[in-house]
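Some notes on the structure that comes next.
The values are calculated or read from the model by the stated rules, or taken from the named source; none is laboratory data. Remember, predicted model here, so these are calculated numbers, not experimental data. Note that each Cβ is placed from the backbone with ideal geometry, even for glycine, and that neighbours are counted across all protein chains shown.
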Amino acid sequence: MKKITGNLVVSILIVSFLIGVSLVAIGAEKKVVINSYMADPAPKETLKKLVDNFEEEYPDYEVTINTYPHEDYKTLIRTWLPSKKASPDIVTWFAGERANFFVEKGLIAPLDDIWGEGKGFEDYFPRAFKSISQFEGKTYFLPQSWYWWGFWYRESVFEELNLTEPVTWNQFLNVCEKLKENGYTPITIGSKFRWTAAGWFDYLNLRLNGADFHMKLMKGEASYDTQKVRKVFEHWKQLLDRGYFIENHTSYSWQEGAKFLFNKEAGMYLMGQFIQDVVSDEEIKDDLNFFRFPIMDASVPIAEETPTDGYMIPKNAPHPEAAKTFMHYLATKQSQWFFAEELNRIAANKNIEPSKYDPMVQKGLRMINRSDKVTQFYDRDTKPAMADKAMDQFVKFMVNPGQIDQVLNALEAQREKTFE
Amino acid sequence: MLIPVILYGIWVIAPIFYTIFLSFTQWDGLTAPTFIGIGNYVDLLQDPIFYTALFNNIKWLLIYVLVPLPLGLGFAMFFNRSLPGVKLFKTAIYLPLTLSFVVLSQIWTWIYQPKYGAINVTLKALGLENLTVAWLSNSDVVTYSLIVVGCWPQTAYTMVLFLAGLQNIPTEVMEAAKVDGANKWQTFWKIILPLLRPATIIAVAVTIIQSLRMFAIVNVMTRGGPFRSSEVLANYMYVEGFKNYSMGYASALAVVLFLIILLFVFIYLYQIFKTEVEY
């Protein structure tokens, strides 16, 4: 009896395998598998629609999207890329140093032949994007969209208290004070996953010391244990000492931190444009606005963070030619506009007329156009080990603002270790 | 016999030796590892997070032995009788053990939430506002908050082990004690506890090993935060290896954790092979 059951199980397995194989063979000729970290509902839905549009235009292609939670994705990608069997055809990823990490190791395929007859990277994207997409003269990263950072606030709260968008640091401190006097927590943040605190470090450093020094720091070429970096923490401490930040922020994810802004317990949130993705209430969405991180030293050229997301083709991709066709589609004006419009991002494609964007996006775009320099983000501009340890220190500092010396020492020790 | 040995060799023995080898290298998990001798171990000894993690693991171990074990024994003693409804209570206590650690952690994250969580809301309602704590973000209490979560299923687990042990105690021995006029206290200390020795050894060993390899609760609830104050060795190893691309360093951590657990396993085996109690 046992034997019969065993044989039965084996035959069922074989038959179902054969059916599976033939189904695949009957289906689309050209397959593309995308692994994606777009797990929030809005971007996930948009990518799905984008793929549907592509399949309509290219009927013999079949595109599969595998979505992974953002934090897990960053770990898993390292198991796919070196694998000859498990590699997808396209991965979503971050521009700049984070992309270069894999390119350096020979795990990414170049994209220089996807642009079409007589065309090149510059026919699609601004020249400035070369520095975050091309490494050693070849293009490896296809930028899709980017977003800006700013202080988000609710217009109704600012109206109620008669506040205007602050431009300078002193004006900003006044806004904080006024919010506090009226029972609001001036600034919310959710620092459980730490990177939100890195946003604060980036901006304070960019405003006080400028983008050139900031990038030197990111590349390990400048010391953390200097007067310049100390100044960053001293200004940060000013806000912490006055109790401007929300309590217990290490308990909250960035989304949970945003809730305090939405329900008017807190006044402002330093965050990327994607904060709009997590507002479900239309009324709050319309009430939400942002202003540029205040200017702290007028002699420092203005820099902004413009993290750019996009795609790469792994070297081991099983269907590289089909993947390139899809990548070409992703670069086109039409698909870039579709994605950007749905999510209020800014498309990387340079041929899109700025006036087509939503007024809020136009405001962001204007802000960036009036900036002198752009950076990506702390954990995108520096090495992973440095970013991991530094973000611990930023959160630790926010809880213990008195320990500037210890924080500077720890940061410098890690820089020496990572960039030795 | 040959096939199990080969499988065991491939899936258990070989990875152990490979990890030991990796702990002497620098490896990003992508390119070829480079041999750096004991460099990782030297770094380890100077790494403050390593000591935090080690110290936290010791906290886990001590509390795990001191709380869920006696509690589990108490429940087992109480439920080892046929009373109406006893099965229901047994099941109720056993239930958390059937949940995965990830689910448990998610539930407790809500309970601990500082503003709207069950604990703080209850405290506020009772007028005990000054007792409210940010359970998961106060670096002084966070590890204890996590250990409480672990103790819940661990108590159920030890209860089951002790219940099984109690079933094995022959009724004749108990009756003989009764005939000889031993009171309840004497019966417990002089008869039940010595006869429960095999169950106790297993319960202690499992509890110790569980406490040392604790990963899921820490990873899901705090990721070792805030700023690594609730870090444990297993999670630190994971973060170093898979997030920071330092496989060599993570392997060194794994070896240290392995040695600590091995020590306890040896104590456990030693106890097992000692002669069993006669009756």
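Numerical summary
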{"read-out": "Residues being more than 11 Å from chain A (Cβ to nearest Cβ) and touching a residue at least 40 places away in the same chain (Cβ under 8 Å) - total across the range B:201-229", "value": "18"}
{"read-out": "Some residue of the range B:147-155 being touching a Gly at 6+ places or on another chain (Cβ under 7 Å) and within 22 Å of residue B:102 (Cα to Cα)", "value": "yes"}
{"read-out": "Flag if residue B:132 is surrounded by fewer than 22 Cβ atoms within 10 Å (Cβ to Cβ) and away from chain A (no Cβ under 14 Å)", "value": "no"}
{"read-out": "Complete set of residues in the range A:277-309 that are within 20 Å of residue A:208 (Cα to Cα) and in contact with a Ser or Thr (Cβ under 7 Å, 6 or more places away or on another chain)", "value": "A:294, A:295, A:302, A:303, A:304, A:305"}
{"read-out": "Residue match in the range A:194-209 (condition: assigned by TED's automatic domain parsing to the domain that holds residue A:294, touching a helix residue (DSSP H, G or I) at 6+ places or on another chain (Cβ under 8 Å), in a strand (DSSP E or B) and not hydroxyl-bearing (Ser, Thr, Tyr))", "value": "no"}
{"read-out": "Options B:71, B:7, B:44: the member that is touching a Cys at 6+ places or on another chain (Cβ under 9 Å), assigned to a helix (DSSP H, G or I) and either within 14 Å of another protein chain (Cβ to nearest Cβ) or among the aliphatic types (A, V, I, L, M) (or both)", "value": "B:71"}
{"read-out": "Pick from the range B:230-268, criterion within 21 Å of the chain's Cα centre (by Cα) and aromatic (Phe, Trp, Tyr), ranking: nearest to the other protein chains (Cβ to nearest Cβ)", "value": "B:238"}
{"read-out": "Residue list for the range A:245-295, filter: hydroxyl-bearing (Ser, Thr, Tyr) and either within 14 Å of chain B (Cβ to nearest Cβ) or touching a Leu at 6+ places or on another chain (Cβ under 8 Å) (or both)", "value": "A:250, A:251, A:252, A:253, A:269"}
{"read-out": "Helices (runs of 4 or more DSSP H) contained in the range A:290-378 and holding at least 1 residues more than 18 Å from the chain's Cα centre (by Cα) and in the same structural domain as residue A:129 (by TED's automatic domain parsing)", "value": "A:320-331, A:333-343"}
{"read-out": "Tally, over the range A:124-170, of residues that are within 24 Å of the chain's Cα centre (by Cα), closer than 18 Å to residue A:363 by Cβ and either in a strand (DSSP E or B) or hydroxyl-bearing (Ser, Thr, Tyr) (or both)", "value": "9"}
{"read-out": "Any chance residue B:148 is within 13 Å of another protein chain (Cβ to nearest Cβ) and closer than 18 Å to residue B:212 by Cα", "value": "no"}
{"read-out": "Hits in the range B:114-126 (condition: outside any helix (DSSP H, G or I) and modelled with pLDDT of 90 or more)", "value": "B:117, B:126"}
{"read-out": "Residue, nearest to residue A:335 (Cα to Cα), within the range A:44-70, restricted to residues that are of a type in the set (Ser, Thr, Tyr) and crowded, with 17+ Cβ neighbours inside 10 Å", "value": "A:46"}
{"read-out": "Residue under evaluation residue A:46, criteria (1) outside any helix (DSSP H, G or I); (2) at pLDDT 85 or above, criterion not met", "value": "(1)"}
{"read-out": "Meets criteria (under 14 Å from residue A:296 (Cβ atoms), under 22 Å from the mean Cα position of the chain (by Cα) and in contact (Cβ under 8 Å) with a residue 40 or more places away in the chain) for residue A:201", "value": "yes"}
{"read-out": "The range A:79-105, residues that are under 21 Å from residue B:241 (Cβ atoms), surrounded by fewer than 20 Cβ atoms within 10 Å (Cβ to Cβ) and of a type in the set (Lys, Arg)", "value": "A:105"}
{"read-out": "Residue satisfying all of: in the range B:16-41; among the polar types (S, T, N, Q) and free of Cβ contacts under 8 Å to residues at least 60 places away in the same chain; farthest from the other protein chains (Cβ to nearest Cβ) among these", "value": "B:34"}
{"read-out": "Failed item, numbered, when residue B:45 is tested on (1) surrounded by fewer than 13 Cβ atoms within 10 Å (Cβ to Cβ); (2) in contact with a helix residue (DSSP H, G or I) (Cβ under 7 Å, 6 or more places away or on another chain)", "value": "(2)"}
{"read-out": "Any hit, the range B:88-111, residues being within 14 Å of chain A (Cβ to nearest Cβ), closer than 30 Å to residue A:193 by Cβ, part of a loop (DSSP other than H, G, I, E, B) and free of Cβ contacts under 8 Å to residues at least 40 places away in the same chain", "value": "no"}
{"read-out": "Candidate set: the range B:20-41, residues that are part of a loop (DSSP other than H, G, I, E, B) and aliphatic (A, V, I, L, M); chosen: the one surrounded by the most Cβ atoms within 10 Å (Cβ to Cβ)", "value": "B:30"}
{"read-out": "Those residues of the range A:68-88 which are closer than 16 Å to residue B:30 by Cα, more than 10 Å from chain B (Cβ to nearest Cβ) and outside any helix (DSSP H, G or I), in sequence order", "value": "A:83, A:84, A:85, A:86, A:87"}
{"read-out": "Exclusive hit being among the basic types (Lys, Arg) and closer than 14 Å to residue B:73 by Cβ, set B:213, B:228, B:197, B:223", "value": "B:197"}
{"read-out": "Residue A:341 under 21 Å from residue A:364 (Cα atoms), of a type in the set (Asp, Glu) and modelled with pLDDT under 95", "value": "yes"}
{"read-out": "Breaking point among (1) assigned to a helix (DSSP H, G or I); (2) surrounded by fewer than 22 Cβ atoms within 10 Å (Cβ to Cβ); (3) not hydrophobic (A, V, I, L, M, F, W, C), for residue B:138", "value": "(1)"}
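So that you can scan it fast, the table gives a plain yes or no per residue for (1) out of contact with any helix residue (DSSP H, G or I) (no Cβ under 9 Å at 6 or more places or on another chain); (2) more than 13 Å from every other protein chain (Cβ to nearest Cβ); (3) surrounded by fewer than 16 Cβ atoms within 10 Å (Cβ to Cβ):
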| residue | (1), (2), (3) |
| --- | --- |
| A:327 | yes, yes, no |
| A:339 | no, yes, no |
| A:354 | no, yes, yes |
| A:362 | no, yes, yes |
| A:383 | no, no, no |
| A:393 | no, no, no |
| A:397 | no, no, no |
| A:406 | no, no, yes |
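Here's the yes/no breakdown for (1) within 17 Å of residue A:378 (Cβ to Cβ); (2) modelled with pLDDT of 95 or more; (3) surrounded by fewer than 15 Cβ atoms within 10 Å (Cβ to Cβ); (4) out of contact with any strand residue (DSSP E or B) (no Cβ under 7 Å at 6 or more places or on another chain):
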{"residue": "A:181", "(1), (2), (3), (4)": "no, yes, yes, yes"}
{"residue": "A:188", "(1), (2), (3), (4)": "no, yes, no, no"}
{"residue": "A:198", "(1), (2), (3), (4)": "yes, yes, no, yes"}
{"residue": "A:214", "(1), (2), (3), (4)": "yes, yes, no, no"}
{"residue": "A:234", "(1), (2), (3), (4)": "no, yes, yes, yes"}
{"residue": "A:248", "(1), (2), (3), (4)": "no, no, no, yes"}
{"residue": "A:252", "(1), (2), (3), (4)": "no, no, no, yes"}
{"residue": "A:262", "(1), (2), (3), (4)": "no, yes, no, yes"}
